[in-house]
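Below you'll find the structure, written out as structure tokens, and then a few comments.
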Amino acid sequence: MISHDTIIKKMTSINYTIIPINPSAHLFEVTLTIAKPDPNGQVVSLPAWIPGSYMIRDFAKNIVEIAASSKGVSVKLTKLDKQSWRCAPCNGPLTLRYTVYAWDLSVRSAHLDTTHGYFNGTSVFLCVHGQDHLPCSVQIHRPAGEFAREWRVATTLPREGAQQWGFGLYRAADYDELVDHPVEMGTFTLIEFKACGVPHAIALTGRHRADTERLARDLMSICEYEIKFFGEPAPMSEYLFQVMVVDDGYGGLEHRSSTSLICSRGDLPRDGESEMSEGYRSFLGLCSHEYFHTWNVKRIKPAAFIPYDLSREVHTPLLWLFEGFTAYYDDLILRRCGLIDDASYLELLGQNATRVMRGSGRLKQAVADSSFDAWTKYYKQDENAPNAIISYYNKGALVALALDLTIRRDNEGARSLDDVMRALWQRHGLTNIGVTEQSVEVLINEVAGVDLSHFFNSALRSTDEIDLAPLFNAFTINYQLRPADAQSDKGGKAAKKKTIPTVLGVRSGENSLGAKLLNVYDGSAAQLAGLSAGDIVIAVDGLRATHGNLETTIAQRAPGEHVTLHAFRRDELMAFEVTLQMAPADTVYLAIEPQGDESAKRLRDSWLKGF
Ligand SMILES: [Zn+2]
């Protein structure tokens with residue numbers, strides 16, 4: 001008799017096993033067996049980054065111990081750089097055994113304790129140089145111990161003998177696939193549904209009291225909409241939402257047939273609640289966003305990502321398309337599915353436009369440059385970020401909005417950005433031909449029926465502001481700017497207060513001594529007076545200041561008034577004479593004009609309601 005394992009070992013020459021060897025110490029043990037190692041000395045390495053999160057993370061730093069052997073004899077390992085090893089030449093199967101420290105509760109790496117285990121392949125699976133195109137197998141083991149008796153596995157890694165939701169043998173067609181199916185293990189709540197006939201599941205890890213039926217219903221309508229948007233059949237045969245529920249968290253990472261998400265417990269809908277809370281709206285927006293990536297970035301890809309070089313930064317000027325357009329569609333799809341109404345959607349649009357308006361970085365960095373420098377700027381933001389950079393998510397979504405409204409207006413609703421996305425899918429997604437700046441601009445021009453070069457140069461490669469007001473007018477929507485009511489005012493709604501507040505031009509946070517300045521905006525009263533991010537303001541005109549009262553104390557004064565602020569910089573007490581300013585009109589809100597003409601209303605309806 002020949003066991004199933006033996007068959008696999010004959011079929012694949014690269015075999016991994018992963019064991020949660022010591023959950024209390026947060027250690028996975030991984031064994032990699034290479035049937036035919038490079039006779040000149042096999043090189044293996046761990047990625048420096050994970051696709052979708054554009055920052056060097058040096059996952060190899062978490063390899064604690066590593067050793068190699070062949071036929072029971074130890075093989076010398078030579079470290080080549082921070083993430084690569086060369087094994088001494090050997091003929092015959094080569095086995096590497098190593099432990100990986102897994103204690104990063106994020107969607108980007110790995111986490112293990114006695115409550116659950118989670119890993120991305122990029123954190124645990126060494127890449128076999130020269131053989132990364134070959135199929136491989138992965139044996140996923142249950143940790144030893146009573147605590148793991150009920151554990152299951154949630155991953156879309158193809159099963160090769162493992163039962164559904166079970167430990168056992170999985171496989172991947174190549175290394176690229178191996179590291180694109182994160183694995184969750186534990187006692188998650190499993191919710192299953194079908195969208196357009198494709199099996200979907202949600203695995204909720206962490207304590208929660210979520211209304212799982214509502215969650216499944218809402219996600220199903222989002223998934224069905226997006227599958228139909230790009231056209232059936234769906235490009236994946238199954239899909240998994242892996243959700244880590246925590247006290248306070250937000251984030252997601254896209255994969256080819258799954259997404260890993262972190263959310264706040266309070267954002268999930270509770271049994272018996274039917275209203276759409278802001279938290280749940282933002283959670284659904286996150287799910288919609290990551291799901292949209294199944295097409296836009298996982299299959300429609302920048303040319304620079306084909307194939308991914310995971311050893312170093314890979315620059316592309318196109319993240320405005322892959323993140324910005326996805327950010328545009330995520331909330332729009334909630335509206336089109338009927339999960340939110342027009343007013344709620346316009347509020348979200350206004351909030352995004354506000355985020356762009358709030359930083360003078362928009363006047364210094366073009367969105368294509370923001371994309372190119374994502375690695376060192378967007379992903380490494382410091383206190384000066386609002387003054388220096390623009391987000392390719394926020395501005396990219398405004399580029400998408402402006403293009404969508406322009407194409408719809410100029411083609412009387414017959415064409416739209418939806419057609420652009422579908423053309424991208426046909427031309428680049430189904431063919432695996434990478435997108436370049438030139439190819440996407442040519443494609444948009446074709447759909448729009450006009451030459452938009454001037455728009456591309458201005459919106460993508462310059463810091464010119466996108467003039468949204470006249471575009472919204474054509475859809476009977478008023479675009480309005482006003483000053484923020486307070487630091488907590490995210491925009492999207494009319495002002496709560498009638499008076500324009502007086503401001504310092506800072507964002508502050510809690511500190512035991514006073515109000516810590518987190519950002520000081522360019523040209524603000526605070527900056528002109530010499531205050532700096534990091535300063536801790538302890539008094540305004542001799543009265544104690546805190547994060548809680550600084551804003552209101554200043555707001556009660558008049559613009560042009562002088563105040564004395566005392567603040568610590570390092571441990572030195574300093575005094576600053578500040579001339580207060582009127583709050584700038586940097587907050588956007590949108591309102592539907594009830595008296596619009598009929599054709600403009602029809603245009604608006606077809607935009608907001610979709611097909
Ligand atoms: Zn994204």
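For the reader, a short list of remarks on this structure follows.
- In degrees, nearest ten, helix 278-292 long axis to first principal axis of the chain (Cα): 50
- All alpha carbon pair distances within region 132-202 were sorted into 5 Å bins beginning at 0; the resulting P(r) in whole percents reads 4, 15, 23, 22, 19, 11, 5, 1, 0.
- Spacing of the two label points (7 Å from each Cα toward its C-beta) at N22 and K76, in nm: 2.8
- Cleavage-rule hits, trypsin sites (Lys or Arg not before Pro), region 548-579, DSSP coil, Cβ neighbours within 10 Å at most 16: R570
- Separation in nanometres of the label points that stand 7 Å from Cα toward Cβ, at D174 and F611: 3.1
- Scoring 406-417, 27-38, 374-385 by mean Cβ neighbours within 10 Å over their residues and listing the highest first yields 27-38, 406-417, 374-385.
- For the pair M582 and S274, the difference between a 0.36 nm per residue extended length and the Cα-Cα distance amounts to 106.8 nm.
- Based on the Stokes-Einstein relation at 37 °C and a viscosity of 0.692 mPa s, and on the Kirkwood radius from alpha carbon pairs, region 462-504 is assigned a translational diffusion coefficient of 261 µm²/s.
- Among A600, V314, L417 the positive-end extreme of the charge dipole of the chain (Cβ point charges): V314
- Backbone N under 12 Å from the T499 label point (7 Å along Cα→Cβ), restricted to region 543-566: 552-559
- With 0.36 nm allotted per residue and the present C-alpha distance subtracted, the K601-K36 stretch has 196.8 nm of extension available.
- Accessible area of region 197-306 belonging to carbon and sulfur atoms, whole % at 1.4 Å probe: 45
- Label-to-label distance, nm, for residues given as S264 and Q556 (7 Å Cα→Cβ offset): 2.9
- Reciprocal of mean inverse Cα separation for region 363-412 (Kirkwood radius, Å): 11.9
- Using the Cβ-Cβ distance between Q164 and E383 with R0 set to 56 Å, the FRET efficiency works out to roughly 0.70.
- When each of the peptides 345-357, 138-150 is scored by how many other beta carbons lie within 10 Å of its residues on average, the order from highest to lowest is 345-357, 138-150.
- Projecting the Cα atoms of N62, G449, T546 onto the charge dipole of the chain, computed from C-beta unit charges around the Cα centre, puts N62 farthest toward the positive end.
- Distance cut-off 22 Å, percentage of C-alpha pairs in region 48-126 lying past it: 34
- Positive dipole terminus of the chain, leading residue within G92, I191, I262 (C-beta point charges): G92
- When all protein chains stay in place and ligands, DNA and RNA are ignored, the 1.4 Å accessible-area order of D211, D597, largest first, is D597, D211.
- Here W375 and Y250 are evaluated by their C-beta separation; at R0 = 22 Å the FRET efficiency comes out at 0.50.
- Between T564 and T436, the contour length at 0.36 nm per residue exceeds the Cα-Cα span by 40.7 nm.
- Projected onto its three principal axes, the C-alpha set of region 550-606 covers 64, 26, 15 Å, listed from the longest axis down.
- Relative contact order (%) - criterion: Cα under 8 Å, at least six apart; region: the chain: 10
- Helix-only CD estimate at 222 nm, as mean residue ellipticity for the chain, using -39500 (n - 2.57) per DSSP H run (n ≥ 4): -8000 deg cm²/dmol
- Within region 40-61, backbone nitrogen closer than 17 Å to the virtual label 7 Å beyond the Cα of H315 toward Cβ: 54-56
- Sorted peptide list for 455-461, 364-370, criterion being average Cβ within 10 angstrom, highest first: 364-370, 455-461
- Overall dimensions of region 436-541, expressed as equivalent-ellipsoid semi-axes from the Cα gyration tensor (√(5λ), whole Å, largest first), are 40, 20, 11.
- Translational diffusion of region 152-280, µm² s⁻¹ [Kirkwood Rh, Cα pairs; Stokes-Einstein; 25 °C; 0.890 mPa s]: 158
- Ellipsoid semi-axes in whole angstrom, largest first, where each is sqrt(5λ) of the Cα gyration tensor of the chain: 45, 31, 24
The values are calculated or read from the model by the stated rules, or taken from the named source; none is laboratory data. Because the structure is predicted, anything quoted here is derived from the model rather than measured. Neighbour counts are summed over all protein chains in view; Cβ atoms, including those assigned to glycine, are modelled from backbone coordinates with ideal geometry. All accessible areas refer to the heavy atoms of the entire protein, side chains included, with ligands and DNA or RNA removed. Shrake-Rupley method; radii C 1.70, N 1.55, O 1.52, S 1.80 Å.
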